[in-house]
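Structure, as structure tokens:
The values are calculated or read from the model by the stated rules, or taken from the named source; none is laboratory data. None of the values given here were measured: they were computed from a predicted structure. Counting neighbours? That spans all protein chains shown, and the Cβs are built from the backbone with ideal geometry, glycine included.
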Amino acid sequence: MGTTYVLFAIVQNIAITDEYGLALATGNVVMFLVVAGFWMREAKAWKNEFIPLKRPGWRYWVVPLAFLAFWYPLNPDTIMPDFNPLYLLTSCAGLTFCMMTPVYLAILTLYYPRVNIATMRITGLVGIIIAIYNVLLNFFIEPDLLWWNGVLHIPLLCISGYSLGLSLKKQPVEQ
């Protein structure tokens, strides 16, 4: 996952354009690389325990939202809804911070509290920041064109907020 966040930092936030030359969304690159660093640190620390746990049914509310983000049912030509099941295999979701972060965080919430809280917290925080950018753009600046893309960013906003909230809960002291 750390490697994917490095790729998101590079692929989504750096471009070479005819008009401006090298364009860099510096804030996004820094945030994505910080998230990548936390995930890479987790790869060494092994604080996440992905052992099946009995969970109350309500905890699975994140699954449909994460599934929607991963599916990303958007027609790339019209930027409108397109529920083609083939997009489960062919959409660009796997290459984007906004669609994969809800998937990663949904998994962490299902195994909470046996996860790396710092990684969950920083990923959730950056997820909320990026979600707010996108909600503003998609629903308020260009709603006629981008409203459906805005809907597809709701999983990022909701799951990131939930993850951040969980990560801030006081943990019981282990004996």
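Identify, please: which residue in region 39-62 is not in a helix (DSSP H, G or I) and not hydrophobic (A, V, I, L, M, F, W, C) and is, among those, farthest from P102 (Cα to Cα)? Taking the candidates together, the pick is K54.
What are the residues in region 1-27 that are assigned to a strand (DSSP E or B) and either of a type outside the set (G, A, S) or crowded, with 17+ Cβ neighbours inside 10 Å (or both), if any? I14, I16, T17, L22, L24 - these are the residues of region 1-27 that are assigned to a strand (DSSP E or B) and either of a type outside the set (G, A, S) or crowded, with 17+ Cβ neighbours inside 10 Å (or both).
Taking region 68-114 as the range and being part of a strand (DSSP E or B) and either surrounded by fewer than 17 Cβ atoms within 10 Å (Cβ to Cβ) or touching a Cys at 6+ places or on another chain (Cβ under 6 Å) (or both) as the test, the residues that pass are N75, M80, P81. Residues in region 144-160 that are over 12 Å from T101 (Cβ atoms) and either touching a Leu at 6+ places or on another chain (Cβ under 8 Å) or modelled with pLDDT of 95 or more (or both): L146, W147, W148, N149, G150, V151, L152, I154.
For region 123-150, a residue qualifies if it is without any contact (Cβ under 8 Å) to a residue 40 or more places away in the chain and either under 15 Å from the mean Cα position of the chain (by Cα) or buried (at least 17 other Cβ atoms within 10 Å of the Cβ) (or both), and the qualifying residues are L125, G127, I128, A131, I132, Y133, N134, V135, N138, G150. Here L65 meets each of (1) in a helix (DSSP H, G or I); (2) hydrophobic (A, V, I, L, M, F, W, C); (3) without any contact (Cβ under 8 Å) to a residue 60 or more places away in the chain; (4) over 19 Å from A36 (Cβ atoms) with one exception, condition (3).
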